[in-house]
1. Within the chain, which complete DSSP H helices have Cα atoms spanning at least 20 Å along the helix axis and a mean Kyte-Doolittle hydropathy of -0.5 or higher?
2. Per residue, how many Å² of accessible area does the range 1-122 show with a 1.4 Å probe?
3. Only four residue types carry charge here, +1 at the Cβ of Lys and Arg and -1 at the Cβ of Asp and Glu. Report the dipole size of the range 1-103 about the Cα centre in Debye, rounded to the nearest 20.
4. How big is the charge dipole of the range 2-254 about its Cα centre, in debye rounded to the nearest 20, if each Lys and Arg gets +1 on its Cβ and each Asp and Glu gets -1 on its Cβ?
5. Of A245, S144, C6, which is farthest along the charge dipole of the chain in the positive direction, counting Lys and Arg as +1 and Asp and Glu as -1 at C-beta?
6. With runs of 4+ DSSP H residues as the only contributors, calculate the mean residue ellipticity of the chain at 222 nm using -39,500 (n - 2.57) per run, divided by the residue total and rounded to the nearest 500.
7. Could you tell me which of G60, G36, N183 has its Cα farthest along the dipole of the range 2-254 towards the positive end, charges placed at Cβ (Lys, Arg +1; Asp, Glu -1), taken about the Cα centre?
8. Using the basic label-point model (7 angstrom from Cα toward the beta carbon), what is the R109 to Q132 distance in nanometres?
Amino acid sequence: MIDTHCHLTYKPLLERVDAVVARARGAGVDRMISVGTSLDDARVAVGLTERYEGVYATVGVHPHYAQGCNDRGRVMGVVHELAGDPRVVAVGEMGLDKHYNDPPIEDQRRVFAWQLDAARELTKPIVIHNRQATDEVLGMIGDSGIGGERFVFHCFTGSGAELDAILETGAMVSFTGVVTFKNSKALAECAVRVPIERLMIETDSPYLTPEPYRKVRPNEPCYVPWVAKFIAGVRGMDEGEFVSAVDGNTERFFGLV
Ligand SMILES: [Zn+2]
């Protein structure tokens with residue numbers, strides 16, 4: 001099984017990453033994508049891909065880290081440099097987050113636009129972080145001229161209408177353990193409505209541990225089977241069939257071999 005989005009470089013995971021990777025493998029999670037959230041963080045993630053079989057990385061600047069990111073040339077240079085590594089399977093995570101007005105949205109827009117520029121010259125897929133900014137994120141993606149099918153909206157937590165707007169563009173949609181929470185009925189309905197060939201699963205660890213382990217911190221890739229089990233259940237699908245479908249999507253989308 002594949003965890004399509006985790007942060008092995010974050011302190012609670014990195015300080016015992018040997019055990020985290022071993023526990024994942026023990027749970028049948030043999031591959032995981034450690035998503036970069038700043039240029040420096042992405043380099044650490046690339047280092048992990050050299051140490052562990054089945055660990056992949058991405059290179060991008062998360063909107064939370066937009067403020068200190070003022071050098072377009074450096075963003076373009078590092079994204080292009082790291083994206084040349086075959087174990088760097090995507091650009092991102094990038095996008096907009098309006099949940100907090102920090103960093104200011106203008107900084108987030110600027111850094112997102114730079115990364116779309118960098119990604120346009122590449123062929124790798126793009127991981128989108130979107131929180132309460134669906135219209136604007138879709139607008140910027142549309143303006144970029146990059147085909148919608150190159151994007152995944154990670155940790156989808158939006159409404160049914162937002163889901164429809166995203167699916168309309170051809171993008172993939174990925175769900176975390178949030179879908180398993182008891183107050184996430186509408187989100188579970190969204191997970192049923194996504195066409196199976198457009199769906200992926202992830203932990204976003206160290207955050208968002210799925211039920212029945214919600215209180216366990218930090219989250220780890222070893223818990224992604226619980227996201228699979230939950231969505232397979234609400235879709236009325238056999239769990240094994242569900243996992244092979246979403247893993248097939250992941251291999252195709254990220255070009256994993
Ligand atoms: Zn993330």
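1. 239-254
2. Here the per-residue accessible area is 39 Å².
3. 100 debye
4. Around 520 debye, computed over the range 2-254.
5. Toward the positive end, the furthest listed residue is C6.
6. -13500 deg cm²/dmol, from helical runs alone.
7. N183
8. The modelled label-to-label distance comes out at 1.8 nm.
The values are calculated or read from the model by the stated rules, or taken from the named source; none is laboratory data. Remember, predicted model here, so these are calculated numbers, not experimental data. Because the Cβ atoms are built from the backbone with ideal geometry, glycine has one as well, and the counts that use them run over all protein chains shown. Note: areas computed on protein heavy atoms with side chains; ligands, DNA, RNA excluded. Shrake-Rupley method; radii C 1.70, N 1.55, O 1.52, S 1.80 Å.
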